[in-house]
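Beneath this line is the structure, given in structure tokens, with notes to follow.
The values are calculated or read from the model by the stated rules, or taken from the named source; none is laboratory data. Just so we're clear, the structure is a prediction, and the values are computed from it rather than from any experiment. Cβ placement follows ideal geometry from the backbone for every residue including glycine, while neighbour counts extend to all protein chains displayed.
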Amino acid sequence: MTTTGHPIPEIDPQRLAVVRKRYAEEAQKRLRPEGLAQFLPLKNAREERLRSLSEDPWVDHSALNARPSPITLNATYKFFVLGAGFGGLVYAVRLIDSGLATPDEIRLVDAAGGFGGTWYWNRYPGLHCDVESYMYLPLLEETGYVPKQKYAAGAEIREHAERIAEHWGLTNKALFRTDVKSAEWNEKTELWTVNITEHRGPHAAPIDYEIRAQYVYLAAGVLTRPQVPRIPGLSSFKGEMFHTARWNYEVSGGSQSDQRLTGLRNKRVAVIGTAATAIGVIPEIAKYAKELYVFQRTPAYVKPRNQRVTDVEEFKREVAYKKGWQSERQKNWNRHLTNSVIPGTKNLVGDGWTDMPAYSAILGSPSHGVIDASPKNLEQHATNFHTLDLPHMEAIRSRVDELVKDPDTAAKLKPWYPSWCKRPTFSDTYLSLFNSQHVHLVDTNGQGVSSATSKGLVVDDTEYPVDIIVFSTGFQAPNARLGSPAARTGVTIVGRNRLNLDDKWVGNGAATLHGYATSQFPNLFFSGTAQATITGNNIWMLSLIARHIVYIISTSERRIESGKRAIIEVTKEAEETHTREILKRAPYFSAIAGCTPGYFNAYGEAASVTDPDEKKKRARGSTWSEGTLSFLEYTGKWRDDDTLEGLKVTPAK
Ligand code: FAD
Ligand code: NDP
């Protein structure tokens with residue numbers, strides 16, 4: 001199939017050089033020697049006041065305590081799934097639909113008090129998906145559900161997770177409020193021994209369970225542990241504070257279904273952070289707060305959202321017009337993001353993601369080939385991407401001037417980094433809010449909030465007295481500890497020969513077959529992007545992962561004599577072969593190295609690494625550089641061979 005990368009525009013090299021110099025200066029200004037340690041994951045906070053900010057505000061302990069437990073002590077389950085977000089759900093659905101499992105053979109376990117993962121925890125006002133809901137919400141064809149708006153609200157997305165659980169008989173197969181602590185491969189039973197603790201609320205003792213499982217899937221997500229910056233003096237603050245991922249409606253007033261934040265009337269509210277979450281929540285706070293102070297370290301780049309209510313007839317006629325429409329839509333959209341549009345094809349989604357081909361610097365693209373790592377080549381590669389990106393980022397900066405009246409405020413709201421350094425944000429109201437008398441931009445010139453006092457926040461020598469602090473400061477970076485699946489889940493995972501997964505991953509770098517399984521850890525699978533593919537639409541990616549893993553398990557089971565359990569293990573050679581393919585392509589991602597710090601580049605951690613061996617170790621964790629559709633072709637070819645090459649499949653003794 002012929003695809004074409006977007007033509008590289010003609011741009012005056014001097015103009016480009018000036019912008020690149022500014023990008024580099026702005027990134028440099030933000031680099032902090034403490035790197036990822038500048039943040040405190042709330043769950044690990046020593047102080048009770050901060051630790052309590054990570055507690056579950058939504059859980060209904062009495063309802064859950066009244067339910068019969070889906071887990072029995074010492075029982076054996078065929079499929080154990082860590083995580084009841086969309087990753088866990090789409091995997092369970094695939095297991096059922098493929099005939100591999102009945103719902104009763106599956107157990108999902110989650111620290112949350114219900115289904116939805118991200119969409120369970122995050123309920124802040126203004127929350128919506130940022131990719132079109134028709135493509136983001138999974139299994140729309142199977143459930144017949146029509147999203148109410150082009151960008152569904154958070155509650156609607158959570159309800160869809162519950163709908164899926166209900167539709168596939170999984171509602172009573174999930175144990176909630178439960179931490180998975182360890183999973184250990186037992187050579188004798190040839191099963192995983194999993195230790196979990198169910199927290200039953202303040203008036204009931206927790207229950208520890210040890211169970212066994214034939215297959216374990218880690219669907220633990222990536223943005224699950226809310227964090228705050230380590231701001232000196234924070235605990236002395238006398239007002240209210242909370243994190244957006246645990247929104248406190250008792251303080252703000254309203255609820256997820258009634259977003260009238262009447263508790264903020266007459267209040268001075270501070271929001272720290274100006275990324276994707278902040279862009280959604282700030283306009284809602286501004287409707288009610290007496291004064292709103294927005295503490296900015298790095299401006300987001302904000303594109304128009306163009307939200308609209310779904311016209312059901314139009315949806316049926318133009319979106320869901322044939323079987324397989326959702327997959328077609330996801331792929332069509334992905335071609336734009338990976339700069340590989342087929343000439344003459346219609347842009348089905350036509351949103352703000354599809355006019356930024358240079359974002360493919362982080363997602364991969366088949367249009368740039370495999371990049372040779374010579375310095376000259378890498379410089380040309382980066383120049384190509386910056387050239388491709390410049391008109392887009394200039395339009396974004398001009399939009400700020402169009403919408404923000406005060407030139408000084410407008411200047412501070414302009415993002416000086418290329419599009420691929422941060423996730424884009426979308427809002428029709430955020431920028432113009434800064435024309436309101438009661439909304440104050442406190443720009444910290446890339447340095448962040450200096451300290452806190454009993455009365456408020458301090459930047460440089462100025463104290464800003466406030467009543468409420470809202471942390472919109474994100475989550476523990478998924479690439480901490482090189483993105484080890486064990487570290488991401490907080491689970492101690494021990495495979496054959498007592499090998500600890502975290503040690504294996506951090507010691508030598510990633511080594512997997514296709515990103516989802518690794519040698520010495522039989523029958524263990526995980527979701528992730530390292531050595532696999534990354535897409536802008538995370539749920540689509542989770543669905544692709546589920547399909548691949550379920551193919552592996554079902555094909556393996558067919559090769560085993562009936563009545564026996566299958567033991568599936570990646571061979572050492574296969575993971576090294578796959579790693580070589582990843583390493584070969586890793587130089588493509590070199591343009592990310594100079595990015596402004598953020599969770600995409602582990603707050604600049606990677607750029608500070610100079611040791612060649614350490615660099616190579618990190619490069620092993622790259623994603624597939626030629627984009628999702630190319631990765632699907634690569635894994636699809638492997639599946640078509642139908643030989644399970646690189647997997648050792650044996651019957652349990
Ligand atoms: P999650 O939804 O994070 O679910 C993982 C679950 O695992 C969590 O509930 C967690 O409690 C549980 N868990 C983890 N470790 C343990 C453990 N040790 N024991 C027990 N339970 C554990 N992506 C998009 O593509 N589009 C969007 O519009 C979008 N919007 C987002 C908005 C917000 C506010 C955030 C934070 C993320 C957003 N994302 C978006 C990314 C989003 O996380 C994914 O789209 C997707 O929902 C992830 O699903 P998941 O099942 O992989 O992980
Ligand atoms: P992020 O990690 O993207 O942003 C954290 C924000 O806090 C940044 O603006 C950061 O600034 C700022 N910050 C950190 N430390 C300080 C400090 N000391 N002083 C001042 N500001 C500080 O978290 P989000 O929750 O916004 O988003 C995480 C991801 O979740 C997104 O990338 C997206 O994938 C997803 N998401 C999607 C949404 C959607 O619309 N559907 C909505 C929300 C999230 P700096 O940039 O300088 O580090």
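Conditions tested, residue by residue: (1) touching a Leu at 6+ places or on another chain (Cβ under 6 Å); (2) within 16 Å of ligand 2 (Cβ to nearest atom); (3) among the β-branched types (Val, Ile, Thr).
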position: Gly254; (1), (2), (3): yes, no, no
position: Asp258; (1), (2), (3): no, no, no
position: Leu264; (1), (2), (3): no, no, no
position: Gly280; (1), (2), (3): yes, yes, no
position: Ala286; (1), (2), (3): yes, no, no
position: Glu291; (1), (2), (3): no, no, no
Checklist entry - For the subset of the range 397-442 comprising residues that are among the polar types (S, T, N, Q) and surrounded by fewer than 19 Cβ atoms within 10 Å (Cβ to Cβ), which member is nearest to Asn537 (Cα to Cα)? => result Thr429
Checklist entry - Consider Asp502 against the criteria (1) away from ligand 1 (no atom under 16 Å from the Cβ); (2) within 22 Å of Lys616 (Cβ to Cβ); (3) out of contact with any Phe, Trp or Tyr (no Cβ under 8 Å at 6 or more places or on another chain): it satisfies all of them except one. Which criterion is unmet? => result (1)
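In the range 263-316, which residues are among the polar types (S, T, N, Q), assigned to a loop (DSSP other than H, G, I, E, B) and under 26 Å from Pro226 (Cα atoms)?
Listed by number, the residues that qualify are Thr274, Thr298.
Based on this model, can you work out whether Ile164 counts as within 16 Å of ligand 2 (Cβ to nearest atom), outside any strand (DSSP E or B) and not polar (S, T, N, Q)?
Numbers: within 16 Å of ligand 2 (Cβ to nearest atom): no; outside any strand (DSSP E or B): yes; not polar (S, T, N, Q): yes.
No; evaluated as a whole, the condition is false for this residue.
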Checklist outcome for this item: Given the conditions (1) in contact with a Lys or Arg (Cβ under 7 Å, 6 or more places away or on another chain); (2) more than 20 Å from Asp428 (Cβ to Cβ); (3) near ligand 1 (Cβ under 9 Å from one of its atoms), every one holds for Val109 apart from (1)
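How many residues, within the range 446-455, are in a strand (DSSP E or B) and buried (at least 19 other Cβ atoms within 10 Å of the Cβ)? If you could, list the steps in order and put the result at the bottom.
Within the range 446-455, the subset in a strand (DSSP E or B) is 451-452.
Now drop any that are not buried (at least 19 other Cβ atoms within 10 Å of the Cβ), which leaves 452.
Number of matching residues: 1.
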Checklist entry - Can you tell me which residue in the range 421-445 is farthest from ligand 2 (Cβ to nearest atom), limited to those that are assigned to a loop (DSSP other than H, G, I, E, B) and more than 29 Å from the chain's Cα centre (by Cα)? => result Gln437
Next on the checklist: List pairs: first residue in the range 239-263 and under 15 Å from Trp58 (Cβ atoms), second residue basic (Lys, Arg) anywhere in the structure, Cβ distance under 7 angstrom, at least six positions apart or on different chains.
Outcome noted: Trp247/Arg123; Gly254/Arg260; Gln256/Arg123
Checklist entry - Does the range 606-619 contain at least one residue that is outside any helix (DSSP H, G or I), in contact (Cβ under 8 Å) with a residue 60 or more places away in the chain, surrounded by 14 or more Cβ atoms within 10 Å (Cβ to Cβ) and not β-branched (Val, Ile, Thr)? => result no
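Return the only residue of Glu394, Glu379 being at pLDDT below 95 and of a type outside the set (A, V, I, L, M).
Details: Glu394 fails: at pLDDT below 95.
Only one candidate passes the filter, namely Glu379.
Looking at the structure I just gave you, is Thr298 under 23 Å from Thr425 (Cα atoms), within 16 Å of ligand 1 (Cβ to nearest atom) and surrounded by 15 or more Cβ atoms within 10 Å (Cβ to Cβ)?
Working: under 23 Å from Thr425 (Cα atoms): yes; within 16 Å of ligand 1 (Cβ to nearest atom): no; surrounded by 15 or more Cβ atoms within 10 Å (Cβ to Cβ): yes.
Criteria not met by Thr298.
May I ask you to list the residues in the range 1-57 that are of a type in the set (S, T, N, Q) and either surrounded by 11 or more Cβ atoms within 10 Å (Cβ to Cβ) or in contact (Cβ under 8 Å) with a residue 12 or more places away in the chain (or both)? Outline the logic, then answer.
We begin by selecting, within the range 1-57, every residue of a type in the set (S, T, N, Q); these are 2-4, 14, 28, 38, 44, 52, 54.
Hits for the range 1-57 are Thr2, Thr3, Thr4, Gln28, Gln38, Asn44, Ser52, Ser54.
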Checklist entry - Can you name the condition, by its number, that Val222 falls short on among (1) surrounded by 22 or more Cβ atoms within 10 Å (Cβ to Cβ); (2) within 25 Å of the chain's Cα centre (by Cα); (3) closer than 30 Å to Glu105 by Cβ; (4) within 16 Å of ligand 1 (Cβ to nearest atom)? => result (1)
Checklist entry - Take the residues of the range 262-283 that are surrounded by fewer than 24 Cβ atoms within 10 Å (Cβ to Cβ) and more than 14 Å from ligand 1 (Cβ to nearest atom): which is nearest to Thr596 (Cα to Cα)? => result Pro283
Next on the checklist: As an exercise: evaluate Glu142 against (1) more than 12 Å from ligand 2 (Cβ to nearest atom); (2) within 19 Å of the chain's Cα centre (by Cα) and give the number of the one condition it does not meet.
Outcome noted: (2)
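Filter the helices (runs of 4 or more DSSP H) completely within the range 28-146 down to those with at least 2 residues that are in contact with a helix residue (DSSP H, G or I) (Cβ under 7 Å, 6 or more places away or on another chain).
On the way: elements: 48-51, 61-66, 86-97, 118-121, 133-136, 140-143.
Qualifying helices (runs of 4 or more DSSP H): 48-51, 86-97, 118-121, 133-136, 140-143.
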Checklist entry - Out of curiosity, is Thr577 more than 16 Å from ligand 1 (Cβ to nearest atom) and in a loop (DSSP other than H, G, I, E, B)? => result no
Checklist entry - For residues in the range 466-508 being more than 21 Å from the chain's Cα centre (by Cα) and of a type in the set (Gly, Ala, Ser), which is surrounded by the fewest Cβ atoms within 10 Å (Cβ to Cβ)? => result Gly507
Checklist entry - Within the range 192-203, can one find any residue that is over 29 Å from the mean Cα position of the chain (by Cα), of a type outside the set (D, E, K, R) and surrounded by fewer than 24 Cβ atoms within 10 Å (Cβ to Cβ)? => result yes
Checklist entry - If a residue has to be part of a loop (DSSP other than H, G, I, E, B) and touching a Pro at 6+ places or on another chain (Cβ under 8 Å) to count, how many in the range 207-233 make the cut? => result 4
